[in-house]
Amino acid sequence: MTPQHAHLADVEFDPELIARHNGNGPRYTSYPTADRFIEGPIGAQYIAALRNRQRVRPDAALSLYVHLPFCDTVCYYCACNKIATKDRGRADVYLDYLEHEIALVRNEFSVAPEVSQLHLGGGTPTFLTNAQLSRLMQMLKEAFAFKLDAECSIEIDPRRLNDGALELLADHGFNRMSIGVQDLDPAVQKAVNRLQPAELTQAVLEKGRALGYRSINLDLIYGLPKQSVATMQATLSTVLSWRPERIALYSYAHLPERFMPQRRIANADMPSATDKLAMLKLAVTTLLEAGYVYIGMDHFALPEDDLALALEQGTLQRNFQGYSTQADCDLIALGVSAISRIGDTYAQNHRNLLDYYNALNQQQLPLAKGLVMTRDDEIRRAAIHDLLCQSTLDIPSFEQAWGIDFATYFTPDLEQIQTLEHDGLVELNQDSIDITPRGRFLARIIAMCFDLHLRDAKSSAKFSRVI
Ligand code: SF4
């Protein structure tokens, strides 16, 4: 173990400190965050960014994301952009439009751009029939050149997985999967309308492994209705017996006034803030004792997993899918609500399916909003990246990379950091900002000091609680 790894893997769970600093905050899968995107025409800038990429850095790594919004049933906790239906025919229509969108994007390239990463997310990607999944992959492979070692991942709902789908996806080059679990307790599953027996999840995990899928991730949630420290302990004990390579542990944000399905959750079933913190403490302690490395934010991985190795080597990245091992990639995102980033340009598709279809009917890219980063955005994005991915910011190299005097450029930001230093979350000195082991669970709070857009205090209320 290198000294750097010893520092980064080091984490201390301090419930009192976490409770004191638990405010609303962005997850920084992008900076500026998506709520800052400006409604209106962004197509011209996005096309210019695609063309510029082709001219200036055609060989730069490229990532693809496809959003598949359909879900067979709705989980009551869910805040994703999804469409509840049982009609698989709707996915055929959706694929027709996706094909159209892919063609419009592909038109901007003279040769098929090389792809090093693909992610299918949703909604429920496995809502699609096997024939629909095959069609989607054929469309993508005709338009893009997938590298032989491309990382291809998919979000799996074990309840909606057709026979032969995992084999078919493996044949198409899929080698990663993330399985939605949330909680294994039957009463919790009933309260959130997601009945998913543990045996079913285990069978999918084992089949994935047998087919060669690596770095399999399991999503868990704490703070759900009917959850308690006891149910959490039981869920963790079963999940750990399967030893998934990665575990994501998300906090449930109960915002029924914003998300309709959450209104089906009875307030009386919600755990108290104290119980929620106790569940988090139990989960973190249990995972660390079981040998998992805390990667950052909500993510844990086994020490031999690529994410833990990237953390150790200082190459960890953060993008719209969360933490990643891939170099800072351009991202072409397809489908309703999907967000692309090419160079300094973010562009988001329409969130509403009809708006998305209408734009494509008019032969236009289905973009609703976006943003071209200013130089200040790029500088702040780099600072937030270093803090969230490396837990440290090296001031001399940052000054050299961006041609700034750090102390002058970030005067108000450093004043905010100093207040967090008093609480022991961070150490600030001449040459570096270092997040302490106690501060690692609150890295979002530290990153927020560099978020210029958040100085508009009203905007923070839109984000979920940090814990
Ligand atoms: S959690 Fe997944 S399966 Fe459940 S409603 Fe949300 S997107 Fe659909």
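Throughout, read-outs are computed from the coordinates displayed, never taken from laboratory work. Here the structure is a predicted model, which is why all the values come from computation and not from measurement. When we count neighbours, we look across all protein chains shown, and the Cβ atoms used for this are built from the backbone with ideal geometry, even at glycine.
Which FRET efficiency, nearest 0.05, do Asn267 and Lys141 yield, Cβ-Cβ r, R0 56 Å?
Approximately 0.70, to the nearest 0.05.
Give the calculated FRET efficiency between His453 and Asn52 to the nearest 0.05, with a Förster radius of 30 Å applied to their Cβ-Cβ distance.
The pair His453/Asn52 has a calculated efficiency of 0.75.
Once you keep just the Cα pairs under 8 angstrom separated by 6 or more residues, what percentage relative contact order results for the chain?
Contact order relative to length: 22 percent.
Report, ordered by chain and residue number, the aspartates and glutamates lying within cross-link reach of Lys281, taken as a straight Cα distance under 20 Å and ignoring same-chain residues fewer than 8 apart.
Asp10, Glu12, Asp14, Glu16, Asp183, Asp185, Asp219, Glu289, Asp298, Asp423
For the stretch 324-353 and the stretch 120-171, compute the distance between their C-alpha centroids and round to whole Å.
Their Cα centres are 19 Å away from one another.
Once each part is reduced to its C-alpha centroid, what is the distance from the stretch 264-313 to the stretch 388-407 in angstrom?
The two parts, judged by their Cα centres, are 29 Å apart.
Where both partners of a DSSP beta bridge lie in the chain, what percent of those bridges are antiparallel, to the nearest 5?
Roughly 45 percent of the DSSP beta bridges within the chain come out antiparallel.
Applying a 10 Å radius around every beta-carbon, put 215-223, 419-427 in order of their mean neighbour count, most first.
Result, highest mean Cβ count within 10 Å first: 215-223, 419-427.
Using θ = phi - 60° and the Karplus curve 6.51 cos²θ - 1.76 cosθ + 1.60, what whole-Hz ³J(HN,Hα) does each residue of the stretch 345-351 get, with Gly and Pro shown as x?
My calculation for the stretch 345-351 gives 10, 9, 9, 10, 6, 3, 7 Hz in order.
Please report, to one decimal in angstroms, the Kirkwood hydrodynamic radius of the stretch 373-422 built from all distinct Cα-Cα pairs.
11.5
How long are the semi-axes of the ellipsoid equivalent to the stretch 36-332, from square roots of 5 times the Cα gyration tensor eigenvalues, in whole Å, largest first?
Working from the Cα gyration tensor, I get semi-axes of 33, 22, 20 Å.
At 222 nm, what helix-only mean residue ellipticity would the chain give, in deg cm²/dmol to the nearest 500, using -39500 (n - 2.57) for each DSSP H run of four or more?
Computed ellipticity for the chain at 222 nm equals -11500 deg cm²/dmol.
Roughly how many nanometres apart are two label points built 7 Å out from the Cα toward the Cβ at Ala34 and Asp344?
Between Ala34 and Asp344, the label points sit 2.4 nm apart.
Along the charge dipole of the stretch 36-332, Cβ charges K/R +1 and D/E -1, which of Leu50, Thr201, Tyr97 sits furthest on the positive end?
Tyr97
Would you please give the FRET efficiency between Ala210 and Ile404, computed as 1/(1 + (r/R0)^6) with r the Cβ-Cβ distance and R0 = 41 Å, to the nearest 0.05?
Details: r = 52 Å, r/R0 = 1.27.
According to the calculation, E is roughly 0.20.
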